[in-house]
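First the structure, in the form of C-alpha coordinates, and then the observations on it.
The values are calculated or read from the model by the stated rules, or taken from the named source; none is laboratory data. The structure presented is a predicted model; accordingly, all values stated were derived computationally and were not measured. Here the Cβ positions follow ideal geometry from the backbone for every residue, glycine too, while neighbour counts run over all protein chains shown. The protein model used for the area step is the full one, side chains on, heavy atoms only, and it has no ligands, DNA or RNA in it. Shrake-Rupley method; radii C 1.70, N 1.55, O 1.52, S 1.80 Å.
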Amino acid sequence: MPSPLLQATAARSRPPHQLLVPTVADRESPPPDSGQVAGWRQPGGRRAGNDSTAEISSSRGSMFRRLLSTAAAARRPPPIRVALTESSGRGVFATRPIAAGELLHSAQPLVSHPSRSLLHEVCYSCLRRRNGGSGGDGDDSSGSCYFCGDACREHAKGFRNIEKNADWSLFDEHCSSRGLKYPYMVKRLACMVISGAVSADCLDILQPAHLHQGTLTEMEEEFELLDDIFRKAGFQEEVTTFLTREWYINVLARIRINAFRIELVATSYEDLLSSAVALVACDAAVGNAVYMLPSFYNHDCDPNTHIVWLETADARLKALCDIEEGEELRICYIDASMDVDARQKILADGFGFQCRCLRCLSGD
Ligand SMILES: [Zn+2]
Ligand SMILES: [Zn+2]
(Lines give C-alpha, C1' and ligand atoms only; values in the text may rest on other atoms or scores of the structure.)
(Ligands and ions follow the chains in the order given, each with its own letter.)
Protein backbone atom coordinates (compact mmCIF):
# COMPACT_ATOMS: atom_id res chain seq x y z
CA MET A 1 0.00 0.00 0.00
CA PRO A 2 1.52 3.36 -0.94
CA SER A 3 2.15 5.82 1.85
CA PRO A 4 -0.67 8.18 2.80
CA LEU A 5 1.19 11.13 1.38
CA LEU A 6 1.73 9.45 -1.97
CA GLN A 7 -1.91 8.53 -2.10
CA ALA A 8 -2.92 12.02 -1.10
CA THR A 9 -0.83 13.45 -3.89
CA ALA A 10 -2.35 11.05 -6.35
CA ALA A 11 -5.79 12.09 -5.17
CA ARG A 12 -5.24 15.64 -6.39
CA SER A 13 -6.51 14.75 -9.82
CA ARG A 14 -9.39 12.69 -8.60
CA PRO A 15 -12.89 13.31 -9.96
CA PRO A 16 -14.86 15.92 -8.04
CA HIS A 17 -16.57 14.95 -4.81
CA GLN A 18 -19.54 12.94 -5.96
CA LEU A 19 -21.81 14.23 -3.24
CA LEU A 20 -21.20 17.82 -4.19
CA VAL A 21 -24.31 19.57 -5.35
CA PRO A 22 -23.98 22.27 -7.98
CA THR A 23 -25.45 25.04 -5.87
CA VAL A 24 -22.80 27.01 -4.17
CA ALA A 25 -22.58 28.71 -0.83
CA ASP A 26 -22.43 32.47 -0.73
CA ARG A 27 -19.21 34.01 0.36
CA GLU A 28 -18.67 33.09 3.99
CA SER A 29 -22.37 32.45 4.08
CA PRO A 30 -22.38 29.76 6.77
CA PRO A 31 -23.47 31.25 10.07
CA PRO A 32 -20.28 32.23 11.88
CA ASP A 33 -20.86 29.75 14.64
CA SER A 34 -22.02 26.72 12.77
CA GLY A 35 -21.30 26.53 9.08
CA GLN A 36 -17.55 26.35 9.29
CA VAL A 37 -15.68 23.23 10.16
CA ALA A 38 -15.31 23.30 13.90
CA GLY A 39 -14.19 20.85 16.50
CA TRP A 40 -17.03 18.48 17.19
CA ARG A 41 -18.93 19.99 20.08
CA GLN A 42 -20.31 17.85 22.80
CA PRO A 43 -23.86 17.07 21.75
CA GLY A 44 -24.83 15.51 25.06
CA GLY A 45 -25.41 11.82 25.54
CA ARG A 46 -23.66 10.73 22.38
CA ARG A 47 -20.48 8.73 22.20
CA ALA A 48 -18.07 11.18 23.77
CA GLY A 49 -20.33 11.51 26.77
CA ASN A 50 -20.32 7.79 27.31
CA ASP A 51 -16.63 7.09 27.09
CA SER A 52 -15.69 10.21 29.01
CA THR A 53 -17.74 9.02 31.98
CA ALA A 54 -15.56 5.96 32.17
CA GLU A 55 -12.36 7.89 31.76
CA ILE A 56 -13.18 10.58 34.29
CA SER A 57 -13.25 7.93 36.97
CA SER A 58 -9.87 6.49 36.03
CA SER A 59 -7.09 6.79 38.58
CA ARG A 60 -3.90 8.77 38.12
CA GLY A 61 -2.09 5.43 37.81
CA SER A 62 -4.02 4.44 34.73
CA MET A 63 -3.67 8.00 33.49
CA PHE A 64 0.09 7.59 33.70
CA ARG A 65 -0.02 4.27 31.85
CA ARG A 66 -2.06 5.89 29.12
CA LEU A 67 0.45 8.72 29.00
CA LEU A 68 3.23 6.22 28.39
CA SER A 69 1.30 4.24 25.80
CA THR A 70 0.27 7.45 24.05
CA ALA A 71 3.86 8.59 23.99
CA ALA A 72 4.88 5.23 22.54
CA ALA A 73 2.07 5.44 20.00
CA ALA A 74 3.23 8.88 19.01
CA ARG A 75 6.51 7.38 17.82
CA ARG A 76 4.75 4.97 15.50
CA PRO A 77 3.31 6.06 12.18
CA PRO A 78 -0.34 7.05 12.52
CA PRO A 79 -2.75 4.10 12.01
CA ILE A 80 -4.40 5.74 9.02
CA ARG A 81 -4.19 6.01 5.26
CA VAL A 82 -5.77 8.35 2.76
CA ALA A 83 -7.64 6.63 -0.07
CA LEU A 84 -10.61 7.12 -2.33
CA THR A 85 -14.02 6.33 -0.86
CA GLU A 86 -16.87 4.85 -2.89
CA SER A 87 -18.94 8.01 -3.00
CA SER A 88 -17.26 10.87 -1.16
CA GLY A 89 -13.96 11.50 -2.90
CA ARG A 90 -10.96 10.75 -0.77
CA GLY A 91 -11.17 9.82 2.88
CA VAL A 92 -9.12 8.58 5.80
CA PHE A 93 -9.17 4.89 6.77
CA ALA A 94 -7.93 2.90 9.76
CA THR A 95 -4.98 0.64 8.97
CA ARG A 96 -5.49 -1.42 12.15
CA PRO A 97 -8.08 -1.72 14.93
CA ILE A 98 -8.16 1.50 16.94
CA ALA A 99 -9.37 1.75 20.53
CA ALA A 100 -11.78 4.42 21.73
CA GLY A 101 -9.87 7.42 23.00
CA GLU A 102 -6.69 6.67 21.05
CA LEU A 103 -4.77 9.64 19.77
CA LEU A 104 -4.41 9.00 16.03
CA HIS A 105 -2.11 11.81 15.04
CA SER A 106 -1.51 15.50 15.41
CA ALA A 107 -1.19 18.10 12.67
CA GLN A 108 0.31 21.53 12.38
CA PRO A 109 -1.49 24.20 10.38
CA LEU A 110 -0.40 25.00 6.84
CA VAL A 111 -1.62 28.50 7.53
CA SER A 112 -3.50 30.01 10.46
CA HIS A 113 -4.65 33.39 11.69
CA PRO A 114 -6.01 34.61 15.00
CA SER A 115 -9.46 36.15 15.17
CA ARG A 116 -9.17 39.79 14.28
CA SER A 117 -10.55 40.93 17.64
CA LEU A 118 -8.00 38.83 19.57
CA LEU A 119 -4.70 40.09 18.15
CA HIS A 120 -3.57 41.10 21.64
CA GLU A 121 -5.04 38.10 23.42
CA VAL A 122 -3.91 35.25 21.18
CA CYS A 123 -0.42 34.41 19.87
CA TYR A 124 -0.05 35.65 16.31
CA SER A 125 1.77 32.45 15.40
CA CYS A 126 0.39 29.47 17.38
CA LEU A 127 -2.93 30.97 18.59
CA ARG A 128 -2.14 30.20 22.25
CA ARG A 129 -4.18 32.35 24.61
CA ARG A 130 -2.30 34.98 26.51
CA ASN A 131 -2.03 34.44 30.25
CA GLY A 132 -3.08 37.33 32.41
CA GLY A 133 -4.87 39.61 29.99
CA SER A 134 -3.56 41.92 27.33
CA GLY A 135 -0.85 44.56 27.37
CA GLY A 136 2.82 44.39 28.22
CA ASP A 137 5.22 41.50 27.62
CA GLY A 138 4.90 39.60 24.40
CA ASP A 139 3.55 42.35 22.21
CA ASP A 140 5.24 42.65 18.87
CA SER A 141 7.60 45.64 18.61
CA SER A 142 5.00 47.31 16.37
CA GLY A 143 2.43 46.80 19.14
CA SER A 144 -0.04 45.35 16.65
CA CYS A 145 0.03 41.71 17.76
CA TYR A 146 1.20 39.35 20.50
CA PHE A 147 3.63 36.42 20.53
CA CYS A 148 3.62 33.81 23.32
CA GLY A 149 7.38 33.39 23.23
CA ASP A 150 10.61 33.60 21.28
CA ALA A 151 9.97 30.36 19.40
CA CYS A 152 6.74 31.72 17.94
CA ARG A 153 8.29 35.10 17.25
CA GLU A 154 11.08 33.32 15.37
CA HIS A 155 8.68 31.03 13.53
CA ALA A 156 6.65 34.02 12.36
CA LYS A 157 9.66 36.14 11.47
CA GLY A 158 9.51 35.41 7.76
CA PHE A 159 5.93 36.43 7.07
CA ARG A 160 5.94 39.10 9.77
CA ASN A 161 8.91 40.90 8.19
CA ILE A 162 7.09 40.99 4.87
CA GLU A 163 3.83 42.08 6.45
CA LYS A 164 5.47 44.86 8.45
CA ASN A 165 6.73 46.48 5.26
CA ALA A 166 3.26 47.29 4.00
CA ASP A 167 0.35 49.42 5.12
CA TRP A 168 -2.65 47.15 5.74
CA SER A 169 -5.14 49.73 6.95
CA LEU A 170 -7.33 49.61 3.82
CA PHE A 171 -7.30 45.82 3.78
CA ASP A 172 -8.17 45.66 7.50
CA GLU A 173 -10.94 48.15 7.04
CA HIS A 174 -12.34 46.26 4.05
CA CYS A 175 -12.36 42.91 5.88
CA SER A 176 -13.55 44.11 9.27
CA SER A 177 -16.42 46.15 7.82
CA ARG A 178 -17.63 43.02 6.02
CA GLY A 179 -16.85 40.56 8.81
CA LEU A 180 -14.44 38.62 6.58
CA LYS A 181 -11.85 36.37 8.20
CA TYR A 182 -10.46 34.20 5.44
CA PRO A 183 -8.77 37.01 3.45
CA TYR A 184 -6.45 37.43 6.44
CA MET A 185 -5.29 33.87 5.91
CA VAL A 186 -4.66 34.55 2.23
CA LYS A 187 -2.72 37.67 3.17
CA ARG A 188 -0.60 35.66 5.60
CA LEU A 189 -0.06 32.94 3.03
CA ALA A 190 1.02 35.56 0.47
CA CYS A 191 3.55 36.92 2.98
CA MET A 192 4.76 33.37 3.71
CA VAL A 193 5.25 32.72 -0.01
CA ILE A 194 7.14 36.00 -0.51
CA SER A 195 9.36 35.16 2.47
CA GLY A 196 10.16 31.78 0.92
CA ALA A 197 8.62 29.80 3.80
CA VAL A 198 6.16 27.92 1.59
CA SER A 199 5.47 27.51 -2.11
CA ALA A 200 2.59 29.32 -3.77
CA ASP A 201 0.87 26.02 -4.60
CA CYS A 202 0.99 24.54 -1.08
CA LEU A 203 -2.81 24.45 -0.71
CA ASP A 204 -3.48 23.02 -4.18
CA ILE A 205 -3.88 19.53 -2.75
CA LEU A 206 -7.04 20.60 -0.91
CA GLN A 207 -10.49 20.52 -2.43
CA PRO A 208 -11.79 23.97 -3.45
CA ALA A 209 -15.26 25.33 -2.79
CA HIS A 210 -17.47 26.04 -5.80
CA LEU A 211 -18.01 29.75 -6.15
CA HIS A 212 -20.87 31.98 -7.24
CA GLN A 213 -20.23 34.78 -9.69
CA GLY A 214 -21.06 37.27 -6.92
CA THR A 215 -18.48 35.65 -4.68
CA LEU A 216 -15.91 35.81 -7.44
CA THR A 217 -16.52 39.52 -7.88
CA GLU A 218 -15.97 40.12 -4.17
CA MET A 219 -12.80 38.07 -4.26
CA GLU A 220 -11.51 40.04 -7.21
CA GLU A 221 -12.03 43.22 -5.25
CA GLU A 222 -10.00 41.82 -2.36
CA PHE A 223 -7.30 40.68 -4.70
CA GLU A 224 -6.99 44.18 -6.20
CA LEU A 225 -6.65 45.57 -2.70
CA LEU A 226 -4.00 43.05 -1.66
CA ASP A 227 -2.08 43.44 -4.89
CA ASP A 228 -2.16 47.22 -4.59
CA ILE A 229 -0.83 47.07 -1.03
CA PHE A 230 2.17 44.96 -2.05
CA ARG A 231 2.78 47.21 -5.04
CA LYS A 232 2.65 50.38 -2.96
CA ALA A 233 4.99 48.80 -0.41
CA GLY A 234 7.53 48.51 -3.22
CA PHE A 235 7.84 44.72 -3.46
CA GLN A 236 9.69 43.69 -6.61
CA GLU A 237 7.53 42.05 -9.24
CA GLU A 238 9.74 38.98 -9.31
CA VAL A 239 8.80 38.09 -5.71
CA THR A 240 5.10 38.63 -6.28
CA THR A 241 4.65 36.99 -9.69
CA PHE A 242 2.56 34.24 -8.06
CA LEU A 243 0.11 36.86 -6.81
CA THR A 244 -2.48 36.78 -9.55
CA ARG A 245 -6.25 37.00 -9.46
CA GLU A 246 -6.39 33.29 -10.20
CA TRP A 247 -4.03 32.46 -7.32
CA TYR A 248 -6.04 34.55 -4.88
CA ILE A 249 -9.33 32.92 -5.85
CA ASN A 250 -7.87 29.40 -5.89
CA VAL A 251 -6.40 29.83 -2.42
CA LEU A 252 -9.48 31.45 -0.94
CA ALA A 253 -11.76 28.80 -2.47
CA ARG A 254 -9.69 26.16 -0.67
CA ILE A 255 -9.48 28.02 2.62
CA ARG A 256 -13.25 28.59 2.63
CA ILE A 257 -14.09 24.93 2.60
CA ASN A 258 -11.14 23.54 4.54
CA ALA A 259 -10.62 26.07 7.35
CA PHE A 260 -11.20 24.83 10.86
CA ARG A 261 -12.37 27.20 13.50
CA ILE A 262 -9.99 26.75 16.39
CA GLU A 263 -11.56 26.35 19.78
CA LEU A 264 -9.04 25.63 22.49
CA VAL A 265 -10.57 23.18 24.90
CA ALA A 266 -7.88 22.13 27.31
CA THR A 267 -4.79 23.39 29.00
CA SER A 268 -2.80 20.27 29.76
CA TYR A 269 -1.59 17.09 28.15
CA GLU A 270 -3.49 15.08 30.75
CA ASP A 271 -6.71 16.70 29.60
CA LEU A 272 -6.08 15.32 26.15
CA LEU A 273 -5.82 11.80 27.52
CA SER A 274 -9.21 12.07 29.05
CA SER A 275 -12.18 11.90 26.74
CA ALA A 276 -13.61 14.45 29.13
CA VAL A 277 -11.90 16.91 26.82
CA ALA A 278 -15.09 16.91 24.78
CA LEU A 279 -16.98 18.02 27.85
CA VAL A 280 -14.79 20.98 28.69
CA ALA A 281 -16.62 24.16 27.86
CA CYS A 282 -15.12 25.85 24.83
CA ASP A 283 -14.15 29.47 24.83
CA ALA A 284 -14.98 31.39 21.71
CA ALA A 285 -12.86 30.59 18.67
CA VAL A 286 -9.32 31.95 18.86
CA GLY A 287 -8.81 31.87 15.12
CA ASN A 288 -8.85 29.77 11.97
CA ALA A 289 -6.41 27.34 10.42
CA VAL A 290 -6.02 25.08 7.42
CA TYR A 291 -4.33 21.67 7.65
CA MET A 292 -3.47 19.03 5.14
CA LEU A 293 -4.26 15.61 6.64
CA PRO A 294 -7.23 16.73 8.80
CA SER A 295 -8.79 18.17 5.63
CA PHE A 296 -9.02 14.68 4.15
CA TYR A 297 -11.44 13.47 6.82
CA ASN A 298 -14.99 13.25 5.54
CA HIS A 299 -18.00 14.32 7.54
CA ASP A 300 -20.41 12.23 9.57
CA CYS A 301 -23.15 13.52 11.87
CA ASP A 302 -22.36 10.64 14.24
CA PRO A 303 -18.58 10.68 13.89
CA ASN A 304 -16.10 8.05 15.06
CA THR A 305 -13.27 10.59 15.24
CA HIS A 306 -12.87 13.95 16.90
CA ILE A 307 -10.54 16.87 16.21
CA VAL A 308 -9.39 18.80 19.25
CA TRP A 309 -7.05 21.62 20.09
CA LEU A 310 -5.39 22.01 23.44
CA GLU A 311 -3.33 25.13 23.96
CA THR A 312 -2.39 25.93 20.37
CA ALA A 313 -3.49 25.55 16.75
CA ASP A 314 -1.77 22.15 16.57
CA ALA A 315 -4.68 19.77 15.96
CA ARG A 316 -5.12 16.32 17.48
CA LEU A 317 -7.27 13.63 15.93
CA LYS A 318 -8.70 11.18 18.39
CA ALA A 319 -10.91 8.09 18.13
CA LEU A 320 -14.31 8.51 19.77
CA CYS A 321 -15.14 4.81 19.76
CA ASP A 322 -13.56 1.48 18.87
CA ILE A 323 -12.80 1.45 15.15
CA GLU A 324 -12.17 -1.60 12.98
CA GLU A 325 -9.31 -1.99 10.55
CA GLY A 326 -10.35 -0.62 7.15
CA GLU A 327 -13.19 1.49 8.56
CA GLU A 328 -13.40 5.07 7.36
CA LEU A 329 -12.59 7.69 9.98
CA ARG A 330 -14.99 10.61 9.93
CA ILE A 331 -15.29 13.81 11.90
CA CYS A 332 -18.30 16.07 12.33
CA TYR A 333 -17.84 19.40 10.54
CA ILE A 334 -20.64 21.13 12.44
CA ASP A 335 -22.46 21.16 15.74
CA ALA A 336 -23.76 17.59 15.89
CA SER A 337 -26.47 18.50 18.40
CA MET A 338 -28.57 20.19 15.71
CA ASP A 339 -31.55 18.40 14.21
CA VAL A 340 -31.34 16.74 10.83
CA ASP A 341 -32.90 19.62 8.87
CA ALA A 342 -30.55 22.21 10.37
CA ARG A 343 -27.55 19.97 9.73
CA GLN A 344 -28.53 19.32 6.13
CA LYS A 345 -28.99 23.02 5.48
CA ILE A 346 -25.63 24.04 6.92
CA LEU A 347 -23.79 21.23 5.19
CA ALA A 348 -25.38 22.12 1.84
CA ASP A 349 -24.93 25.88 2.20
CA GLY A 350 -21.51 25.85 3.79
CA PHE A 351 -19.88 22.75 2.36
CA GLY A 352 -21.86 22.03 -0.78
CA PHE A 353 -22.94 18.47 -0.10
CA GLN A 354 -25.94 16.48 1.04
CA CYS A 355 -25.10 14.33 4.04
CA ARG A 356 -26.10 10.70 3.63
CA CYS A 357 -24.66 9.40 6.86
CA LEU A 358 -26.61 6.72 8.76
CA ARG A 359 -27.85 9.24 11.27
CA CYS A 360 -29.25 11.53 8.56
CA LEU A 361 -30.77 8.60 6.68
CA SER A 362 -32.55 7.55 9.87
CA GLY A 363 -33.96 11.08 10.23
CA ASP A 364 -32.32 11.59 13.64
ZN1 LIG B 1 2.79 31.12 20.18
ZN1 LIG C 1 -25.40 13.30 8.41
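Filter the range 281-298 down to residues that are open to solvent by less than 10 Å² (accessible area, probe 1.4 Å) and either away from ligand 1 (no atom under 16 Å from the Cβ) or more than 14 Å from ARG254 (Cα to Cα) (or both), then give me how many there are. So the count comes out to 7. Considering only residues in the range 78-100 that are assigned to a loop (DSSP other than H, G, I, E, B) and at pLDDT 95 or above, the one that is most open to solvent (accessible area, probe 1.4 Å) turns out to be PRO97. Screening GLY350 against (1) assigned to a helix (DSSP H, G or I); (2) modelled with pLDDT of 95 or more leaves a single unmet condition, (2). Exactly one residue out of ASP322, ASP314, ASP302 is surrounded by fewer than 21 Cβ atoms within 10 Å (Cβ to Cβ), under 29 Å from ARG96 (Cα atoms) and within 16 Å of ligand 1 (Cβ to nearest atom): that is ASP314. Can you work out which of the residues in the range 201-218 that are modelled with pLDDT of 95 or more and touching a Leu at 6+ places or on another chain (Cβ under 8 Å) is surrounded by the fewest Cβ atoms within 10 Å (Cβ to Cβ)? Out of the qualifying residues, it is CYS202.
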